[in-house]
Amino acid sequence: MKTLFLNSEIHELHWKMLKASCLIAGLLPAQQIADILWHVSDAESQIVLGFFALSLFSACVSLGFIAALQILNSSMTLERNSIEKLMIKVYQHVPMLFLAGVVSYLVVNFQY
């Protein structure tokens, strides 16, 4: 049961937003785990571990980007005033900005 009386399109947008944010936020602990494993492994294992980490990060970033792009391109047919339409448009850009922030954070803190 919904707590707020929201339009079903807005309710669906919130769930898509939550899914995209969780996918993107999953990059941070994965980077920490890969960093720990990188430093405790010996030189022969680092090649395999680096390939695995690169594959994992590229898959997570791709899934997060696709989810954020789906939210950004979703069209809503709401008969509301212009301020609410503008707020929804800004709200749709949040996952893409969050993805850009997390990826730039990971690039700046890359220490190998």
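The values are calculated or read from the model by the stated rules, or taken from the named source; none is laboratory data. Predicted model only: the values in this text are computed from it and were never measured. Cβ coordinates were reconstructed from backbone atoms using ideal geometry, including for glycine residues, and neighbour counts include every protein chain displayed. When the accessible area is computed, the model is the full protein with side chains, heavy atoms only, and any ligands, DNA or RNA have been set aside. Shrake-Rupley method; radii C 1.70, N 1.55, O 1.52, S 1.80 Å.
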Those residues of segment 29-48 which are loosely packed, with under 14 Cβ neighbours inside 10 Å and either of a type in the set (Ser, Thr, Tyr) or under 25 Å from VAL103 (Cβ atoms) (or both) amount to PRO29, GLN32, ILE33, ILE36, HIS39, SER45, ILE47, VAL48
Here the residues within segment 53-109 that are closer than 25 Å to TRP38 by Cβ and either aromatic (Phe, Trp, Tyr) or touching a Gly at 6+ places or on another chain (Cβ under 7 Å) (or both) are PHE57, CYS60, PHE65, LEU99, TYR105
Scanning segment 18-46 for residues that are among the charged types (D, E, K, R) and in a helix (DSSP H, G or I), the one modelled with the highest pLDDT turns out to be LYS19
Listed by first then second residue, the pairs whose first member lies in segment 21-45 and is touching a residue at least 12 places away in the same chain (Cβ under 8 Å) and closer than 30 Å to TYR91 by Cβ, whose partner is among the β-branched types (Val, Ile, Thr) and surrounded by 14 or more Cβ atoms within 10 Å (Cβ to Cβ), with beta carbons under 6 Å and at least 6 positions apart or on separate chains, are ILE24/VAL102; LEU27/VAL102
Of GLN92, GLN70, the only residue that is open to solvent by 100 Å² or more (accessible area, probe 1.4 Å) and touching a residue at least 12 places away in the same chain (Cβ under 8 Å) is GLN70
Condition set modelled with pLDDT of 70 or more and hydrophobic (A, V, I, L, M, F, W, C), scope segment 74-88, selection surrounded by the fewest Cβ atoms within 10 Å (Cβ to Cβ): answer is ILE83
Exception for ALA100 within (1) of a type in the set (Gly, Ala, Ser); (2) more than 17 Å from LEU28 (Cα to Cα); (3) modelled with pLDDT of 85 or more falls at (2)
Of the residues in segment 49-67, those that are open to solvent by less than 70 Å² (accessible area, probe 1.4 Å), in contact with a Leu (Cβ under 8 Å, 6 or more places away or on another chain) and within 19 Å of LEU97 (Cα to Cα) come to PHE57, CYS60, VAL61, GLY64, ALA67
